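Visitor: This is the structure, below, for whatever I ask next.
The values are calculated or read from the model by the stated rules, or taken from the named source; none is laboratory data. None of these values were measured; they are calculated from a predicted model. We place every Cβ from the backbone using ideal geometry, glycine too, and count neighbours over all the protein chains shown.
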Amino acid sequence: MPVPIPPPAPIDIYPQLSRDLVEEARTSAWYPAFSRLSLPSTFIDIDQLGEREAFLEWLDGDSIFLPQDSESPPVTSSSNRQRAASISSLDSAGSSSGSSSSSAPIYHLPRINEAIRAAISRYGAVFPKLNWTSPKDVAFILPQTAHGPLHCTSPADVYLLLKTSDFVPHGLEVASAFAECDEAPGQNHLKIELVLKKHVDINPAREFRCFVRSNTLIAITQRDPNYYEHLQGAQVQESICNTVRAFWEDEIWDVYAGGPDYVFDLYLSSDHASALILDFQPYRQSTDPLLFTYSELRDILEESRNGSDDRPRLPILRVIDSASHPQASRNAPAYGSSMMPMEMMELSQGRSMAEFASAWQSSIGEAMEE
Ligand SMILES: Nc1ncnc2c1ncn2[C@@H]1O[C@H](COP(=O)(O)OP(=O)(O)OP(=O)(O)O)[C@@H](O)[C@H]1O
Ligand SMILES: [Mg+2]
């Protein structure tokens, strides 16, 4: 009697994850191996600079005071001038409403200031991340320039983004940084690293997120949630898949040290023929699968292994295929739920939360009386 062949073992939706694999997804961990294929980056180890305590005190502080000497002197750009003016006019508004500027906390982060300035003079402008996370939820806070979001030209720009982001703290908490890791929570010390990437003007239509499971490139998704007519043709989609597959095979799969399961982001050239690496992240629930779900990704891998003639050819590419796609968000602000109105930001600068709350309430009162 023939021995029945056991069905293949089911694949879990998420692979096993360890702290070491999460650490490998830090930009400073993968950058040395991929520097010629990614944007120039500088890493500021805040512990090594000896300003960890002061930095955390400032970041956790109940106010939006920027550290001393962080505005870039001389104040050259009109945006900086406007911001400087708005901060000083708010200072005087604050004292007239009873708050004394002498009680304002003063934060000194001279070495971090210097390191940020050095990166800015090297790159022209920087795109900041703290540990694994960029403050992309508050991109609206800096004055919009033709260069795109998170374009920082002074330490103050970097600080303002880090301080106001709801995303940045996740990269500083052991529980969320190592969420979904198998090990029992160990030591709680997490290195704090400010990553400053050279800021480049990015065309979001050329950003793609790619999923690797068990060392197999299974799927690619458009990263930006807008509909792009030019991404709809079969030929262009095939060319994207071919470029990503070749790039992954030639450059990534046997070099990346973060295990057999990971997610990486690529920026393709305008002809879709070459690529740059923007980021790596662990293959886990908190990495946004964008146009896929993680159970779909698991199913794709399972189907590709079933040996039948109609098994999918990998990788599968998904793009937003109509302006009415449920995930299309043309004209809608990204991370809208994290947004504060601009007036709120302006009122908040240089104030404690209590002062800010009272200033916000009086401004509402004034508006109601008008
Ligand atoms: N060096 C850069 N210059 C300008 N824009 C950039 C740069 N690097 C990334 N971006 C833009 O910022 C967005 C977010 O960057 P990045 O993916 O590094 O942040 P993240 O916090 O790791 O995001 P996620 O949590 O989705 O992985 C990118 O999609 C890209 O549009
Ligand atoms: Mg990322």
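Condition check ((1) assigned by TED's automatic domain parsing to the domain that holds residue 234; (2) away from ligand 2 (no atom under 16 Å from the Cβ); (3) at pLDDT below 95) across all residues:
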| site | (1), (2), (3) |
| --- | --- |
| 277 | yes, no, no |
| 280 | yes, no, no |
| 283 | yes, no, no |
| 289 | yes, no, no |
| 297 | yes, yes, no |
| 302 | yes, yes, yes |
| 309 | yes, yes, yes |
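Visitor: Starting from residues that are among the charged types (D, E, K, R) and within 8 Å of ligand 1 (Cβ to nearest atom), keep the ones in the range 118-169 and report whichever is nearest to residue 288 (Cα to Cα). Working first, answer last.
Guide: Our first condition is that a residue be among the charged types (D, E, K, R); within the range 118-169, this holds for 122, 129, 136-137, 157, 163, 166.
Filter once more, so that each one left must be within 8 Å of ligand 1 (Cβ to nearest atom): 129, 136.
Numbers: 129: 17, 136: 14 Å.
Among those that are among the charged types (D, E, K, R) and within 8 Å of ligand 1 (Cβ to nearest atom), it is 136.
Visitor: Something else now. So, in the range 297-324, how many residues would count as being buried (at least 16 other Cβ atoms within 10 Å of the Cβ) and touching a Pro at 6+ places or on another chain (Cβ under 8 Å)?
Guide: Summing the residues that are buried (at least 16 other Cβ atoms within 10 Å of the Cβ) and touching a Pro at 6+ places or on another chain (Cβ under 8 Å) in the range 297-324 gives 4.
Visitor: Inside the range 35-68, can you point out the residues that are assigned to a loop (DSSP other than H, G, I, E, B) and not aliphatic (A, V, I, L, M)? Even if it seems obvious, please write down each step before you answer.
Guide: Here is the first cut: in the range 35-68, the residues assigned to a loop (DSSP other than H, G, I, E, B) are 39-40, 46-51, 61-62, 64-68.
40, 47, 48, 50, 51, 61, 62, 65, 67, 68 - these are the residues of the range 35-68 that are assigned to a loop (DSSP other than H, G, I, E, B) and not aliphatic (A, V, I, L, M).
Visitor: Evaluate the following for residue 242: is it free of Cβ contacts under 8 Å to residues at least 60 places away in the same chain, within 18 Å of residue 316 (Cβ to Cβ) and of a type in the set (S, T, N, Q)? Before you say what the answer is, go through the steps one by one.
Guide: Working: free of Cβ contacts under 8 Å to residues at least 60 places away in the same chain: yes; within 18 Å of residue 316 (Cβ to Cβ): yes; of a type in the set (S, T, N, Q): yes.
So residue 242 fits the description; yes.
Visitor: Name the residues in the range 175-204 that are more than 15 Å from ligand 2 (Cβ to nearest atom), buried (at least 19 other Cβ atoms within 10 Å of the Cβ) and closer than 22 Å to residue 38 by Cβ, would you?
Guide: 192, 194, 196, 199
Visitor: Something else about it: Scanning the range 6-34 for residues that are outside any loop (DSSP other than H, G, I, E, B) and of a type in the set (Gly, Ala, Ser), which turns out surrounded by the fewest Cβ atoms within 10 Å (Cβ to Cβ)?
Guide: If we filter the range 6-34 for residues that are outside any loop (DSSP other than H, G, I, E, B), which is where we start, we get 19-24, 27-34.
Filter again for of a type in the set (Gly, Ala, Ser), leaving 28-29, 33.
Working: 28: 16, 29: 18, 33: 14.
Checked the range 6-34; the qualifying residue surrounded by the fewest Cβ atoms within 10 Å (Cβ to Cβ) is 33.
Visitor: Do we find that residue 267 is in contact with a Leu (Cβ under 6 Å, 6 or more places away or on another chain) and at pLDDT 95 or above in this structure?
Guide: Values: in contact with a Leu (Cβ under 6 Å, 6 or more places away or on another chain): yes; at pLDDT 95 or above: yes.
In short, yes.
Visitor: Residue 264 versus (1) under 22 Å from residue 326 (Cα atoms); (2) assigned to a strand (DSSP E or B); (3) in contact with a Lys or Arg (Cβ under 8 Å, 6 or more places away or on another chain); (4) within 16 Å of ligand 2 (Cβ to nearest atom): which is the lone unmet condition?
Guide: (1)
Visitor: Something else about it: Of all residues in the range 269-311, which are of a type in the set (S, T, N, Q), more than 22 Å from residue 18 (Cβ to Cβ) and touching a strand residue (DSSP E or B) at 6+ places or on another chain (Cβ under 9 Å)?
Guide: 269, 274, 304
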